[in-house]
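Each reported figure results from applying straightforward, stated rules to the coordinates on display, with no laboratory input. Predicted model only: the values in this text are computed from it and were never measured. Cβ coordinates were reconstructed from backbone atoms using ideal geometry, including for glycine residues, and neighbour counts include every protein chain displayed.
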Amino acid sequence: MRVYPGQAIRNVAVLGHGASGKTTLVDALAFVAGSSKRHGSVKDGTALTDYTPDEIERQYSINLALAHAEWMDAKINLIDTPGYLDFAGEALAGVYAADAALIVVSATGGVEVGTEQVFEFAEQRGIPRMFFVSLMDKEHADFDRVFNDIAEHLTPKVIPIEIPVGDGPDFHGIVNLFSKKAHLYKKGTKAGEYEEVDVPPEYVERFEQYSQKLLEAIATTDDALLERYLNGEEISRDETLAAMKAGMAKGELCPLLCGSAELTYGMQALLSKLVELVPSPTERPPVEGKTWGEAQPITLTAQDDGPFVAHVFKTVSEPHVGDVTFFRIVSGSINNGTDVFNAPRDSVEKLNHLSVSQGKDRTEAPMLHAGDIGCVAKLRNTHTNDTLSTKAVPVVLPRIPFQEPVITLSIEVKQRGEEDKLSTGLQKLHEEDPTFHHEYNGELGQTLIRGRGERHLEILVGRLARKFGVHATLGKPKVAYRETLRGKAEGQGKHKKQSGGRGQFGDCWIRLAPLPRGSGFVFDDQIVGGVIPRQYIPAVERGIVEAAARGSIAGFPMVDFKAELFDGSYHDVDSNEMSFKMAGILAFRNVAPNARPVLLEPIEEVEAWTPEEYLGAVMGDLSARRGQILGSERDGRLTKVKALVPEAELDRYATQLHSLTHGRGTYRQKFHAYQETPPEVTAKVVEAHKKELEAAEKK
């Protein structure tokens, strides 16, 4: 394929809710442009950008994928993204690699929760936005309803630049408001061929109504045009296109198009508008980076004569290939086989087999210009969100702000001996998907995985088995309870062992007392008169600390208490450090049960966002989880609820919130404090601990 300069490149993120038709649209655009030889189908598992086994089986996108369409002497890089919220990190990565967003809205479903999410991504990133009403050939398709839906729920700046001829099964054409002509499609067309005719008489009134709206919207973005418009002067097609492009760049206009990707109706018009209205990389504002090691700001533009700087926005691990790294060139150009520098990792990488992607296929390119998107396999030490530059000008770019996980589950291998493979596989999955996190929690004795939803984690576990041969099961994570004291008590710990020859002897008396929350552990040495030799006193402390780590009620660490060592005895021959450590352990075990021990549970500070109509249900659910509601306030289009909720009650809360709010609710949580656990909860935790001990003994 041709190598395109920056001014002939268009980078477009195709965004939208799940099942709105994004993947079918990308497939159709590449096919109609002639860049792809087959018109695939999601249903048949042949779509250009849904090619992994997971996607073919489930019939929806899970991963960001790339395709391109060559049209009007330009290359349109199409970044196909998933629409379901569990995989929103992929959509966010696509937005950060793009210069514009094409937001796909179903003609039957209208604006949905995923549409709102991706629109916010594009808005926060500050890239121009276009809308495409898809599935116009389906039953109950309604262009006007979707237009009003977008204007009401997303942005009043949306403006149609074409209108449909017919809706639903009768959809057979579009009227272009710029050219003032209608495109009527032939049934069975392969590549969107059409007959260009005058606006049909029955559509003239509707055309004039929408044409007037378009001219008014464009004129209000430019004073000179507004004056001419008010004076009744003619504004040419080229002038309206230029004004529309300028208005998009400033975020003042969001054009709306329509069509049917399955039938290829409207695809040629959409390709033309992507070339005419989307800014090239050379027309976008400069990117601010920093010089590595000096933290000096550096301004980068998409020019070939600038220093080479590229941002890695996606990493995929492929069988028999290894890691494939996708990057967007921010500045400079690159030749195949060139060495580049990953400054933060102090790693030199060779870009062998520099390629561009067309779905699962990759075509080698001799070079890539500033602003283009490429990929390369087998980089040794480069991962998503890294910056590639040169040793002469080492640069680091701002990172993509991936969302934090909202759900935590435990994971364990089905077969012993696969623990190392599990750890390796989880790390690879994190490198592919930065919204996925994992850790081994030594206190709980569990490997924990965190993600954006249950579906997200279930798919990743399936990928573990398929890619890395690790079969694992998911479970409920344990809660890191703590224990403390509410009263005071004192008693003895005496360790005496005689088995012939030298024996063991340690004897100590301690007092235990509670301390304020957050104080930790305090050891108070009150020994006088040498009843315990000085060299053995630290051993008593170590014994108490070791015993406290196992708790007194349910095996959880005891915190916020004071241990006073005030008496004891020793033996000239049989006493040693180990004996006094054992004495400390016994003393704690004897005294702690008499000091009114209680269980503490971690309390999380929860912030949940919900549409106003679901506020009552969300607050009721938090209260039912033993939550203390702190208040609510308006936050943009949503209402934010703040509450303190026990961690034990938040298991799979993300799934419940999604259900309560019809997918529109989100939340985040952070640790707040430990609080005393109610007696009924303590009883359940103690019972569960007993069963664990019994099960362990049977093993």
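At an R0 of 35 angstrom, the distance between the Cβ atoms of Gln124 and His471 translates into a FRET efficiency of 0.35. For segment 407-475, just say rounded, prolate or oblate: build the C-alpha gyration tensor, square-root its eigenvalues into a ≥ b ≥ c, call rounded for a/c under 1.5, and beyond that prolate if a/b exceeds b/c, oblate if not. Verdict is rounded for segment 407-475.
The residue list Trp609, Val479, Gln117 was ranked by how far each Cα lies along the charge dipole of the chain toward its positive end, using unit charges on Cβ atoms, and Val479 comes out on top.
Of the residues Arg664, Arg206, Arg237, the one with the fewest other Cβ atoms within 10 Å heads the list, and the complete ranking is Arg237, Arg206, Arg664. Among residues other than Gly168 with Cβ under 9 Å from its Cβ, the summed charge is -4 (Lys and Arg +1, Asp and Glu -1). Going by the alpha-carbon gyration tensor, a ≥ b ≥ c the square roots of its eigenvalues, is segment 1-127 rounded (a/c under 1.5) or, if a/c is not under 1.5, prolate (a/b greater than b/c) versus oblate? The shape class here is oblate. The spacing between segment 553-571 and segment 143-168, judged by their C-alpha centroids, is 71 Å. Legend: distances between Cα atoms for Lys22/Lys314; Lys157/Lys213; Lys138/Lys360; Lys43/Lys190; Lys75/Lys186; Lys496/Lys691; pairs beyond 22 Å are Lys138/Lys360; Lys75/Lys186; Lys496/Lys691. Summing charges over all other residues whose Cβ lies under 13 Å from the Cβ of Gly45, with Lys and Arg as +1 and Asp and Glu as -1, gives -2. Take the Cβ atoms of Ala549 and Lys642, set R0 to 30 Å, and the FRET efficiency comes out at 0.35. The DSSP beta bridges internal to the chain are antiparallel in roughly 80% of cases. Let me make sure I get this right: for segment 601-680, a, b and c are the square roots of the gyration tensor eigenvalues over alpha carbons, sorted descending. Under 1.5 in a/c it's rounded, otherwise prolate if a/b > b/c, else oblate. Which is it? Prolate, since a/c reaches 1.5 and a/b exceeds b/c.
Within the straight-line cut-off of under 19 Å between alpha carbons, the lysines reachable from Lys562 are Lys488, Lys581, sequence neighbours fewer than 8 places apart in one chain being disregarded. Ranked by how many other Cβ atoms sit within 10 Å of their own Cβ, fewest first, the residues His430, His672, His320 fall in the order His320, His672, His430. With each label modelled as a point 7 angstrom along the Cα→C-beta vector, the Glu439-Ile56 pair spans 3.8 nm.
Rg then Dmax, both in Å and based on the Cα atoms of segment 287-396: 13.1, 41. Based on DSSP H segments of at least four residues, each scored -39500 (n - 2.57), the chain has a per-residue ellipticity at 222 nm of -8500 deg cm²/dmol. Stretching Glu283 away from Arg534 to a fully extended chain increases their span by 82.7 nm, per 0.36 nm per residue minus the current alpha-carbon distance.
Ordering Ala648, Ala683, Pro281 by the projection of their Cα atoms onto the charge dipole of the chain, which places +1 on the Cβ of Lys and Arg and -1 on the Cβ of Asp and Glu, puts Ala683 at the extreme positive end. Of the three principal axes defined by the Cα atoms of the chain, the extents in descending order read 110, 58, 49 Å. The stretch between Lys414 and Thr338 holds 22.9 nm of extra length on full extension. This uses 0.36 nm per residue minus the Cα-Cα distance. Counting other Cβ atoms within 10 Å as a rough exposure proxy, the listed residues Met244, Met72, Met619, Met267 run Met72, Met619, Met244, Met267 from fewest neighbours to most.
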